[in-house]
1. Report the Rg/Rh value for the range A:485-619, based on alpha-carbon coordinates and the Kirkwood definition of Rh.
2. Kirkwood Rh, Cα Rg: Rg to Rh for the range B:205-303?
3. What is the calculated FRET efficiency for A:Asp487 to B:Glu239, with r their C-beta to C-beta distance and R₀ = 41 Å, to the nearest 0.05?
4. Threshold 10 Å², probe 1.4 Å: give the residues of the range A:600-629, in number order, that are less accessible with all protein chains present than with their chain alone.
5. Take every residue in peptide B:638-648, count the Cβ atoms of other chains within 10 Å of its Cβ, and give the average of those counts.
6. What is the sum of charges, Lys and Arg at +1 and Asp and Glu at -1, for the other residues whose Cβ falls under 12 Å from the Cβ of A:Phe222?
7. Put a point 7 Å out from Cα along the line to Cβ at B:Asp500; what are the distances to that point in the other copies, in nm, shortest first?
8. Starting from one equal scatterer on each C-alpha and no solvent at all, send me the Debye-based log10 I(q)/I(0) for chain B at q = 0.05, 0.06, 0.07, 0.08 Å⁻¹, two decimals.
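The values are calculated or read from the model by the stated rules, or taken from the named source; none is laboratory data. Quick caveat, the model's predicted, so the values are computed rather than measured. Cβ: placed from backbone, ideal geometry, glycine included. Neighbour counts: every protein chain shown. Keep in mind that these areas ignore ligands, DNA and RNA; they rest on the heavy atoms of the full protein, side chains included. Shrake-Rupley method; radii C 1.70, N 1.55, O 1.52, S 1.80 Å.
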Protein chains: 2
Amino acid sequence: MLNDKYSVLFEPLKIGPVTARNRFFQVPHCTGMGHLRPKADAATRAIKAEGGWAVVCNQETEIHPSSDLTPFTEGRLWDSRDIPALRLMTDAVHTHGALAAVELVHNGNHASNLSSRAPVFAPSDMSVDSIVPKQAKAMDKADIRALRRWHRDAARRAKSAGFDIIYVYAGHHMTLPQHFLLPNMNDRMDEYGGSLANRVRLIRELLEETKDEVGDTCAVAFRFAVDEMSGVDGMQASEEGRAVVEMLAELPDLWDVNVSDWSNDSATSRFMPNEGYQTPYIEFVKQVTTKPVVAVGRLTSPDKMVSMIKSGVVDFIGAARPSIADPFLPHKIQTGRIEEIRECIGCNICVASDNMGMPIRCTQNPTMGEEWRRGWHPEQIEPKGKETEALVVGAGPAGLECAMQLAKRGYEVTLAEARTQLGGRAILEGGLLGLSSWKWVSDHRIYDLQQRGNVKTFSQSPMTAQDINDLAIPNVFIATGAKWRRDGVGRSSRGPIQKDPQMTILTPDDLMAGHLPPRGPVLIYDDDQIYLAGVLADHLSSAGYEVIFATPATNVSPWTENTLEQVRIQTTLIKRGVQLILGKTLTQINAEHAQLSCIYSKFEQHVEMASILLVTERKRKTELFDALGEDLNHNHFKKLKLIGDAEAPGLIADAIFSGHMAARHFEKSQRNIEREYFRREIVALEGN
Amino acid sequence: MLNDKYSVLFEPLKIGPVTARNRFFQVPHCTGMGHLRPKADAATRAIKAEGGWAVVCNQETEIHPSSDLTPFTEGRLWDSRDIPALRLMTDAVHTHGALAAVELVHNGNHASNLSSRAPVFAPSDMSVDSIVPKQAKAMDKADIRALRRWHRDAARRAKSAGFDIIYVYAGHHMTLPQHFLLPNMNDRMDEYGGSLANRVRLIRELLEETKDEVGDTCAVAFRFAVDEMSGVDGMQASEEGRAVVEMLAELPDLWDVNVSDWSNDSATSRFMPNEGYQTPYIEFVKQVTTKPVVAVGRLTSPDKMVSMIKSGVVDFIGAARPSIADPFLPHKIQTGRIEEIRECIGCNICVASDNMGMPIRCTQNPTMGEEWRRGWHPEQIEPKGKETEALVVGAGPAGLECAMQLAKRGYEVTLAEARTQLGGRAILEGGLLGLSSWKWVSDHRIYDLQQRGNVKTFSQSPMTAQDINDLAIPNVFIATGAKWRRDGVGRSSRGPIQKDPQMTILTPDDLMAGHLPPRGPVLIYDDDQIYLAGVLADHLSSAGYEVIFATPATNVSPWTENTLEQVRIQTTLIKRGVQLILGKTLTQINAEHAQLSCIYSKFEQHVEMASILLVTERKRKTELFDALGEDLNHNHFKKLKLIGDAEAPGLIADAIFSGHMAARHFEKSQRNIEREYFRREIVALEGN
């Protein structure tokens, strides 16, 4: 039941000619599905509508082949051939009573037009903004006229695809309208350059023309980054950011305001831990315009939401990541089930998916992106079949998720954990500097399990094969996790690295178990190259250690470019005084030093240290699984399944997915699982 | 007419149950089209068949969702839903009388299964082979049985898709059968690990089972990398490489042999300048087996081909890149038009396309990848319309290509070049260390123009707007190119960099024009980050200069990871003693030193030098075009078009494409050009 204090969140609100049923607004966000996976995209958006969002936006949607983001899969509306795919989404969103919005985009020099081979456009001559051998040409007047025509045509097509809200988009450093606005990118001498009024001209024209074209029935939203977060070197909310809002105040039907670039807008919890972190930048907007305002900031707390509305910061609660972690967030608030909200942990696995060119993933919500192809619903799961009981060994992310979903299905679930605390790596990594929100992964699941009558949870209960045999539960899921290797084996060395027993060798597991290195310099060797070694360097360094960081990569934690954190991580380490040794593999560990070899020249180098922390690769803990498979009477078990890191080490998101899938697949035949692997979207062979 | 000495190349030859019409064999190569662009892929392969190749292979074709190369677009045969798309190719290839081959693949830990989320497989536990947070699991016996079943099923599906030759693939470090073979990746203790006989077991099983399944009507080919080219640290042709061929000698119907990894097999001309560079590794194979052998090595000379066959090195002339540069290579030899062959320059733009997730491109052949979507044929072009005459200003790549295609269309073409030599940047860059084959871009086109009666070429003929006006040719194509900026503007600095006039500042244009730096250390500042700065560093260093190389990138020439050259480039520079300063932007040029700033911390550093070579960005040379547009009577011109680097600086491949497209579009209305932008492949909305 809706708590009265949250009723303001469920007031309907007009946006130009359309009306939102409440104040929950899923702002545009990528899904990595777009034009290549339109059915999957439509289903993902539909789940949000079903979960109670009043407005569901799609993602940046290219208006012309000169804005071709290949190989990244976003929306596409190059011409009328793209309408039917988008119609799938609007129909699905409307079915659940929400408004559907489209974010039209011309990406200028953020697009490299790799597939279309069209010329790349920018306000002035310049390189494209990725390491691609192309330069953009300064748009001449004919190009600008063409762009306006393309935008108008796309707006018309969007309307005919059934969208209720059409965006003009100037944000994330990714779009031409913003590029024209920024003096750093626009040195034109004509009426589109120079004064702010000139630099804003293109935006004004696009807004006016979009309203003219579709404004009778569609609302026209303006997504605008008010601050570049680079101080006086960029646009500031207090200076030109505000001036732009003043100049265009009543022109759009809705202001969707944020900060730029993407790494600032979608900042991770590691670097921007607080909910509502964008408020200081955007709170002026409502003072300048009478039109409704939406903004974001990883908002998941209904009290915070109410306060933002009551204090006049926003009219709509914008969300991208929180709507991914929990599509049913509005519904849960409305029905008084606030404790059941799966809170976004701010890890940016969703962002990384898009950057890696794959369909969206979420650590907290394993059904994200799987709604259509596997038919998974975030709040529903098939009831159990003939079996009645299951044992889950290990209460890390995979075990917790598996136990929770099995319990939801109606099995009697026994969950056994060797450690004192449930949570596994979610709480262990969550104890490291910057990762405390990781713990929400286990908090959510432990809370859920506690509410259920059909779950028995045992901590401090390490299990042997004999114990399990004695329990006589016929269905066993083994989620024993993985441990970091101590022998140096990893990406760069398939064999153990030679070592002197006098040197103290540590692994991340030692540190997370509370064992600190001895005094003196510690060398962190990162052959993993994902995120953990960078976190540990930060952690140890802030704890006062002299840290040397060596890696075969040419920058620190290269994978975190996908989560938009890499620059922040490396900057932090340098500023802490961590010594970086890049592009080197570890070849030998001696009594007082390590030997490193240049990945290019193989030239060797020595580094003195008191201890070495190896972050290379993980070893699956399959001893229990193997023993059950070998020693016990196999007929005893109907199901014996390895899940999570014990099956294949990956991210926490992968472990959650693995546990979830095992629970969904339980009592299905292997044959059916293979047959129903998943639905796919395949290119049409008929027509053009 | 076929020269007798080449007749051996046109002998038919049996491959198991099928017969190749001649000895020209397009080995499997990626197109970046695959399952997402099946119509385009089919058309590209069909052109090869039309051009005379006897066997046309597709690309690595995934046999199961646990071999999912997303976001790279290769072939796919996960289940029967994928058959119709591949049928397009086999039908198209058969129409032109060639055999169609499919390269079945399971990529093991080379695939990250980003889309499918399937577990990743390897012989032993290990990380995936890219910087992705996943580890592969050691395959258990059930996994191996499943793999064999998947391969057998895929072979059956391939047969039903119409393929004549089915590959088992163990090469490029990219496939499970090779992973099982390599001791570095296989430390199993069972019958699939240990001795060579054990490590080869999986390959033998796959070969036997494929023959059993489809061998009645299909040939079974084995693609095998005989040498890892890492000396005693890897498999060597003279050791286990040979032993494998001996063990399996008569099992496959065809041996397709090469070297591993991909960077060795597809070595660029910059590092492997000679045709037939793989011969020393593979020439033993024919001594060990009676089955036909195909091998590659960027072969384009018919004399070399004949000698390789007559001396018993190979039975088939294998080609990937040469067949991309000239799909009609066999046809041209057969009809005695050897001089018309567009020789592969070994630049790996084709490889880079695949690595960048986009459809295939070729520097020499601008129609590559455009056969279906734009309807372009490499040897045919629409005859001219009503216009009779055209002027092309500038004989660089874009101007030469445009002039050549206009001449083919039947126009009277005048080509004016300011310099003494035709060729523009193709010959200027071609004068740098390692890039001499770049000159073939202009050689081919100059030769072609010389053969034609309707072309007048003028060198040493710089043109002014007045000159052009006086010529009174109504159709003018301006290909005046671009020059490297001298002010420091580039990716990292949108404004000019402050400089002291006492410091000598050079650009690549100065060097290519023969102006050497003064004595003393030269600082090369690479804000371009593509390939040229790395080439110049190598060039100057080999000429005896002390070179310091600074760049905001964290490695040298990062874009060349796409051409598989990056490691070789950086290794070469280090070994030459070039000092590398990575991750730094240039902020100031003083009288005797430069000021650099860390891209992360902004900490500053000084570098002493005698001169600085700025490789940052190019400025389009549009003065002539602008003057024609402004000063002259516009009505005088029916067509005035900017092409190549003068329109938008890019690769030589982009310039050629631009010139080619302008020639194709000439006399089409802008409306039709936009309407016919290109055909597209769109996801089917019906069915699954």
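1. Details: Rg = 13.5 Å, Rh = 14.6 Å.
Reported Rg/Rh (Cα atoms, Kirkwood Rh): 0.93.
2. On the way: Rg = 14.4 Å, Rh = 14.4 Å.
The Rg/Rh ratio comes out at 1.00.
3. Working: r = 28 Å, r/R0 = 0.67.
Between A:Asp487 and B:Glu239 the formula returns 0.90.
4. A:Tyr600, A:Ser601, A:Phe603, A:Glu617, A:Arg618, A:Arg620
5. Values: counts 0, 0, 0, 0, 2, 0, 0, 1, 1, 3, 11.
For this peptide, the per-residue mean of nearby foreign Cβ atoms is 2.
6. Working: positive: A:Arg204, A:Lys211, A:Arg223, A:Lys291; negative: A:Glu103, A:Glu208, A:Glu250, A:Asp253, A:Asp256.
Neighbour charge sum, excluding A:Phe222 itself: -1.
7. List, nearest first: 4.7 nm.
8. For the requested q values the scattering log ratios are -0.26, -0.38, -0.51, -0.67.
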